[in-house]
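See structure below.
The values are calculated or read from the model by the stated rules, or taken from the named source; none is laboratory data. Please read these numbers as outputs of a predicted model, since none were measured by experiment. With ideal geometry, Cβ positions are generated from the backbone for all residues, glycine too; neighbour counts draw on all protein chains shown. Surface areas here come from the heavy atoms of the whole protein model, side chains and all, with no ligands, DNA or RNA. Shrake-Rupley method; radii C 1.70, N 1.55, O 1.52, S 1.80 Å.
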Amino acid sequence: QVQLVESGGGLVRTGGSLRLSCATSGRTSGSYSMGWFRQAPGKDREFVAAISWSGTAYSESVKGRFTISRDNAKIMVYLQMNNLKPEDTAVYYCAGRFGGWSRSPGMYDSWGQGTQVTVSS
């Protein structure tokens, strides 16, 4: 079982930046993909970004503003968020799965506890 722990959330003004981190522990491999999802109150959990051996993917709403990356040892995954908007306010979760990345939350079998991101207008 892979354990994931997010950090780095907080309160920021519109146009500001935050960097989220996700620490992984447990057995992973080169085929382990990571994703970031978010969930706002009253809404479904939605895909934000993902990274795998084949590259990266982003939702249209964050493309050009957010960047997902991981360290070479694949222990940490990051989400750099720039030019934040009030609609980015949500609890952000990192997730992991063996195999390719997916936009569907149901395809991931490991989840962190979430970190709150609040963007004030």
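For the charge dipole of the chain, defined by +1 on Lys and Arg C-beta atoms and -1 on Asp and Glu C-beta atoms about the Cα centroid, which residue among Ser7, Thr118, Val77 has the Cα displaced farthest towards the positive pole? About the Cα centre, the residue reaching furthest to the positive side is Val77. For the range 90-95, backbone phi angles converted through the Karplus equation (6.51, -1.76, 1.60; θ = phi - 60°) give residue-by-residue couplings of 4, 8, 9, 10, 9, 9 Hz, Gly and Pro being listed as x.
Computed about its Cα centre, the charge dipole of the chain is approximately 140 debye, with only Lys, Arg, Asp and Glu carrying charge at their Cβ.
List the trypsin sites (Lys or Arg not before Pro) within the range 1-69 that DSSP assigns to loop and that have no more than 15 neighbouring Cβ atoms inside 10 Å.
On the way: sites: Arg13, Arg19, Arg27, Arg38, Lys43, Arg45, Lys63, Arg65; in loops: Arg27, Lys43, Arg45, Lys63, Arg65.
Taking the range 1-69 and a limit of 15 other Cβ atoms within 10 Å, the loop trypsin sites (Lys or Arg not before Pro) found are Arg27, Lys43, Lys63, Arg65.
Using the 1.4 Å probe convention, the accessible area of the chain works out to 50 Å² per residue with neighbouring protein chains retained. Just to be sure I understand: of the beta bridges DSSP finds with both ends in the chain, what percent are antiparallel, rounded to 5? Percentage antiparallel, nearest 5: 90.
Counting only protein heavy atoms and a probe of 1.4 Å, the accessible surface of the chain is 50% carbon and sulfur. Of the residues Tyr93, Pro41, Tyr58, the one whose Cα sits farthest toward the positive end of the charge dipole of the chain, with +1 on the Cβ of Lys and Arg and -1 on the Cβ of Asp and Glu, is Tyr58. Altogether, the Stokes-Einstein calculation at 10 °C and 1.306 mPa s, with the Kirkwood radius of the chain over Cα pairs as Rh, returns a diffusion coefficient of 112 µm²/s. Summing charges over neighbours of Asp88, with a neighbour being any other residue whose Cβ is under 14 Å away from its Cβ, gives +4 when K and R count +1 and D and E count -1.
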